[in-house]
1. Could you list Lys344, Lys446 so that the one with the fewest beta carbons within 10 Å of its beta carbon is first and the one with the most is last?
2. Just order 184-190, 356-362 by mean Cβ neighbour count inside 10 Å, highest at the front, would you?
3. Quick one: which of 163-171, 321-329 comes out on top by average Cβ neighbours within 10 Å, and what's the full order, highest first?
4. Step through the table entries Lys225/Lys344; Lys171/Lys192; Lys192/Lys409, compare each Cα-Cα distance with 27 Å, and write down the pairs that go over it.
5. Provide the packing ranking of 101-107, 218-224, i.e. peptides ordered by the mean count of other C-beta atoms within 10 Å per residue, highest first.
6. Could you list Val441, Val150, Val135 in order of exposure, starting from the residue whose Cβ has the fewest other Cβ atoms within 10 Å?
7. If you take the square roots of the eigenvalues of the alpha-carbon gyration tensor of segment 185-227 and sort them as a ≥ b ≥ c, do you get rounded (a/c under 1.5), prolate (a/b over b/c) or oblate?
8. In what order do Leu232, Leu130, Leu115 fall by count of nearby beta-carbon atoms within 10 Å, going from fewest to most?
Amino acid sequence: MLDFVRNILRGWPATRQAAVAPDVSAPAAKTAGEDTGGTGTQQAIREVPAAPGQANAGGVLDIAGLLGRPAVSLDTPELQRFLAGKVILVTGAGGSIGSEICRQMMRFCPQRLVLLDQAENALFEIDRELRERWVGAELTPVVADIGDAVRINHVFRKYRPEVVFHAAAHKHVPMMECNPGEAIKNNVLGTKNVADAALANGTAAFVLISTDKAVNPTSVMGAAKRCAELYLQSLNGEPVSSSWSVEGVSSPWSVVSSKHSPAIASGKHPSAIVGGKQSPAIRTRFVAVRFGNVLGSSGSVVPIFHKQIAAGGPVTVTHPDMKRFFMTIPEAAQLVMQAAAIAKGGEILVLDMGQPVRILDLAKEMIRRSGLTVDEDIQIVFSGTRPGEKLYEELANDTDLTAPTSHEKIRVWELPSATAEQTHEMIRELSAVIDASGDEVRLALKRFVPEYQSPALPVTAMRVVREAAAA
C-alpha cells in the first residue's frame, strides 16, 4: 500500500500533495511522505479518519483504550448459576446499554429473553441480530411504553420474568432540563410501573440502571433518578445506620430499621396492589446500579467527537476542566448482570471506575489516534457548560456508607431509605406537576431530594424549600 502511494506521489507534479489512507498508521504515513523527496514539491501523507463505524489505522476505534485503565471483567461462574434457565426481561432493549445486556445475556443460556422497548426500529435491530447469532433461542420482542402501567403489567403476567433489567430511561441532561416533566414521567413514574409489575408478579430480582448524576444532583435527570432509587429502596426497606442531612438540610426520609417495611409486609404499600391484584409474596430484591458515562453509547462524547473529527472539526468541549468517570458498554452490561446476582436487596452498587477522565484530554487523544494534530489539523473549541451539567461527577456523598461486596471491583453504598408512605407522597406530588412549569417540577424534586441544587431555580424558591424541609 505505501509503495503504491509513494510511486503516485513521485510522479504527481503538484505543489502540495496528500494521500488519504485510513488503513495506514500515522507514523507510517509520515515516513511515506518523507520518502517522496527529490521532486521539488512539498509532499506529505495525512491520514484522514474513516467514517463513523469504520476501521481506522488498521482496526476499529479502540474505545476501551480511551479509559486510561484496564477494563474490568465481571464474568464469573456466579452469573451462569444465577441466569441460566431463567426468564429474563430487559427494558430499553434497543438502547446502547439494554442491547448489550441482551447480547451478553445470551451467553448464560436463559430460558427466554423478553426484549421490551417502545422504539420499534431499535427493537427490530437487536431482535434480528440475536436471532441470527443464537438460532433457536427463545426471544420475545415486546413493543411497549413503560409509561403504560396496564400494558406493562400485562407483559409481566404473560411472561412471568424472574429477573428484570430496567434500562429504559431518558438520560440526556440538557434534554431533560428543557423537558423536566418528561423526566418525571419516564424516569420516575415509568420505573414505578415496571417495579410495581415485578412486585405483583413474583419477579425474583429487579435491577435499575441509575447514574452517578444522582449524587448531589444539579440536573432534573439526576434528581429524577434519585427519586427512582428511593422508590425502589422503599420496596426493600433496607436499614441505614442513622438519619442524615446535606448542607444543613434535613432529609424527608425516615430511617427504616426493619428488614422489610411494615407497610410492605402488611400489603399496604401502594405497590403491593397492582391491577387490583395483591401479590401473594413480596420477595423481589430491588437494587440500583450507578453508572458513570458509558464510552461509545448513543449520544455520548465518543461518537460525537468521532463525527466531528471525521468532518474536519472543530471538536466541541464544554469546559477545559470538565471531568467524568467512564466505563465501556461491555463493562456496564456486565455490572448490571453481576448486581442482580450478588445483591441482597435495597443496595446501590457502583463499579470501581478508577480516576475521572478530563474530557479535553479525551478529545485530544481521539484526535491523535486519528493521525491528526490538535490545532494544526483539528481545532478544539469550548462551548460552555450546558444547563444541569457539573464540572465533576461524584460516585457517592461524603456521608454515604460504603461496604465491599463479593466482587472486588464492586462496592455498595448504603443510602438513606424511604418508607412506603413517603414514597407514596412523592409519587403523588410528582405526578401532579408533570405538566406544570419547569420551576414547579424542580421545586417538587427539591422537596424529595434535598441535596438537589438546580441553578435554574430562583434563590428565594430554594430557600423556601430548605426551610420547609427543616421545619
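What follows draws every value from the coordinates through simple rules; no lab data is involved. Being a predicted model, the structure only gives us computed values, none of them experimental. Here the Cβ positions follow ideal geometry from the backbone for every residue, glycine too, while neighbour counts run over all protein chains shown.
1. Ranked by crowding around the Cβ, least crowded first: Lys344, Lys446.
2. Descending mean neighbour count gives 184-190, 356-362.
3. Numbers: 163-171: 25.9, 321-329: 20.4.
Averaged packing, sorted descending, gives the order 163-171, 321-329.
4. Lys192/Lys409
5. The packing order, highest mean first, is 218-224, 101-107.
6. On the way: Val441 25, Val150 10, Val135 7.
Arranged by neighbour count, lowest to highest, Val441, Val150, Val135 become Val135, Val150, Val441.
7. Prolate, because a/c is 1.5 or more and a/b exceeds b/c.
8. Fewest to most other Cβ atoms nearby, the residues stand as Leu130, Leu115, Leu232.
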